[in-house]
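First up is the structure itself, then whatever we jot down about it.
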Amino acid sequence: GKAPYKNIVCNGFINATDGQKISKKLKNYTDPLVLMDRVSADAFRLFLLNSPLVNGEDANLADKDIETVERKLAMFSNTYDFFTMYASVDGWDSDSVYKDDELLAPDSENILDKWIVSRLHSLVKEATEGMESYQLNEATRGIIPFLDDLSNWYVRRSRRRFWKSENDGDKSAAYHTLYYVLVEFAKILAPFSPFISEDIYRKLTGEESVHLKDFTLYQPGLVNEKLEDEMKAVRESVREGLAQRARAGIKVRQPLAKVYLENLPSGEMVEVIKEELNVKEVSLGDELSLDLEITAELKKEGLMREVVRVVQSARKKAGLNVDDRIKLNLSSESEVLSDVISEFKDEIAEEVLASTWSDEAFSYSEMMKIEGERLSLGLERV
């Protein structure tokens, strides 16, 4: 008197890129084994799980779509590499964030930490609900947007916290948060992309396998929907502001005086907008718009940032490590560039980790150009 099943999972048919039936005779598809050698089984699997196929609908298979998923998954590896590089430099020990073999959730006051942990647990909720209802595309839908948030917003905006020379509370909170998010995200991703999850989880924890762990438990107390909504609105404002800069042909490194917003966010979010759009002030206005007038002082500051950029580029070319202190020599026949170097000497030194300024010749030297003006640069490790 009962149905012999609780749920039926019905998959659709995979068609070729042009919508035709896949056919060996027509050779209108790439052999899946060849494709997985070129990208990865993880990317192929996640693509399929996040497609209409798992809803019983038919879908076209295009190599480029799987390659896009592969590039997005690479953000997980890149974030792991970023974390381990700085953790190794600072000698950060993950044992400090465990209690009785349980990974502790971070208790950070930093708004970025609170936001990414909230995003993580919102993802846990979405994935859990999707799997419990047998809707696998719903379970996987949030994975790539989360990776984008983690890599292109949280890590990028937190870089300075890891660069700090001093090991203060904020730096420790950044390490704890990023480690926690990477470990827990590996558990979330494991059923869908098992190989990259296994690799990164084992490297982070030293444990036998992520697939022997329980799925990450949703913790509603760590979710702050208001904060997520605020950050989303801020990011939309930043996108529009950057688009206005691009249309005006003004680089982001060039500071501007002001941006006008229809709605002013909270104080911490104002600072985020100021930094992302490189403006001095955020004011209330009828619509989002930038004050595009560049004063002489703003022009000088923009040139200072260009100087920092070329020195950072030279550091990489010279093969220096991210934490290496340097001796630096900068000179120019340009009166404007010379004034900028003199006026912003301390700011430049702080940004490029220069502990000594000197007129002597160094092991690495280069002649650069900034807006048509020649800049002579020399540096070496202290």
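Remarks
- Filter result for SER40 (closer than 11 Å to VAL69 by Cβ and touching a strand residue (DSSP E or B) at 6+ places or on another chain (Cβ under 6 Å)): no
- Tallying residues that are free of Cβ contacts under 8 Å to residues at least 24 places away in the same chain and not basic (Lys, Arg) within region 198-213 yields 9.
- Residue that is farthest from GLU275 (Cα to Cα), among those in region 148-193 that are open to solvent by 50 Å² or more (accessible area, probe 1.4 Å) and among the basic types (Lys, Arg): LYS164
- Residue match in region 194-205 (condition: over 25 Å from ASP101 (Cβ atoms), of a type outside the set (A, V, I, L, M) and either open to solvent by less than 40 Å² (accessible area, probe 1.4 Å) or part of a loop (DSSP other than H, G, I, E, B) (or both)): no
- Picking from residues in region 33-66 that are open to solvent by 70 Å² or more (accessible area, probe 1.4 Å) and free of Cβ contacts under 8 Å to residues at least 60 places away in the same chain, the one that is nearest to ASN137 (Cα to Cα) is GLU57.
- Subset of region 207-226 (residues that are out of contact with any Lys or Arg (no Cβ under 7 Å at 6 or more places or on another chain) and open to solvent by 70 Å² or more (accessible area, probe 1.4 Å)): GLU208, HIS211, LEU212, ASP214, LEU217, GLN219, PRO220, GLY221, GLU225, LYS226
- Top-ranked residue of region 16-32 - restricted to ones that are closer than 16 Å to GLU67 by Cβ and out of contact with any strand residue (DSSP E or B) (no Cβ under 9 Å at 6 or more places or on another chain), ranked as most open to solvent (accessible area, probe 1.4 Å): ASP31
- Of the set (1) open to solvent by 60 Å² or more (accessible area, probe 1.4 Å); (2) of a type in the set (Asp, Glu); (3) under 30 Å from MET36 (Cα atoms); (4) in a helix (DSSP H, G or I), all apply to ASP229 but (3).
- All positions within region 337-346 that are touching a residue at least 24 places away in the same chain (Cβ under 8 Å) and either open to solvent by less than 80 Å² (accessible area, probe 1.4 Å) or polar (S, T, N, Q) (or both): LEU337, ASP339, VAL340, ILE341, PHE344
- Scanning region 1-15 for residues being surrounded by fewer than 10 Cβ atoms within 10 Å (Cβ to Cβ) and among the polar types (S, T, N, Q) gives a total of 1.
- Filtered residues of region 78-109 (kept if out of contact with any Lys or Arg (no Cβ under 8 Å at 6 or more places or on another chain) and polar (S, T, N, Q)): ASN78, THR79, SER88, SER94, SER96
- Filtering region 79-107 to residues that are hydroxyl-bearing (Ser, Thr, Tyr), modelled with pLDDT of 95 or more and open to solvent by less than 20 Å² (accessible area, probe 1.4 Å) leaves only THR79.
- If only residues of region 314-330 that are in contact (Cβ under 8 Å) with a residue 24 or more places away in the chain and in a helix (DSSP H, G or I) are counted, the one that is surrounded by the fewest Cβ atoms within 10 Å (Cβ to Cβ) is LYS317.
- Each residue in region 290-308 was checked for being open to solvent by 50 Å² or more (accessible area, probe 1.4 Å), in a helix (DSSP H, G or I) and either closer than 19 Å to ALA246 by Cα or touching a residue at least 12 places away in the same chain (Cβ under 8 Å) (or both), and 3 pass.
- Matching entry among LYS2, LYS25, LYS72, LYS6 (being charged (D, E, K, R) and modelled with pLDDT of 95 or more): LYS72
- Considering residues of region 358-380 that are open to solvent by 70 Å² or more (accessible area, probe 1.4 Å) and either of a type outside the set (D, E, K, R) or in contact with an Asp or Glu (Cβ under 9 Å, 6 or more places away or on another chain) (or both) only, the residue farthest from LEU328 (Cα to Cα): GLU371
- The set of residues in region 253-278 that are outside any helix (DSSP H, G or I), at pLDDT below 95 and open to solvent by 40 Å² or more (accessible area, probe 1.4 Å) comprises ARG253, GLU262, ASN263, LEU264, SER266.
- The lone exception for GLU126 - which of (1) under 22 Å from the mean Cα position of the chain (by Cα); (2) open to solvent by less than 60 Å² (accessible area, probe 1.4 Å); (3) of a type outside the set (Gly, Ala, Ser) it fails: (2)
The values are calculated or read from the model by the stated rules, or taken from the named source; none is laboratory data. What you see is a predicted model; the values in this text were computed from it and never measured. When we count neighbours, we look across all protein chains shown, and the Cβ atoms used for this are built from the backbone with ideal geometry, even at glycine. For the accessible areas, the whole protein counts, side chains as well, though only heavy atoms, and no ligand, DNA or RNA atoms are used. Shrake-Rupley method; radii C 1.70, N 1.55, O 1.52, S 1.80 Å.
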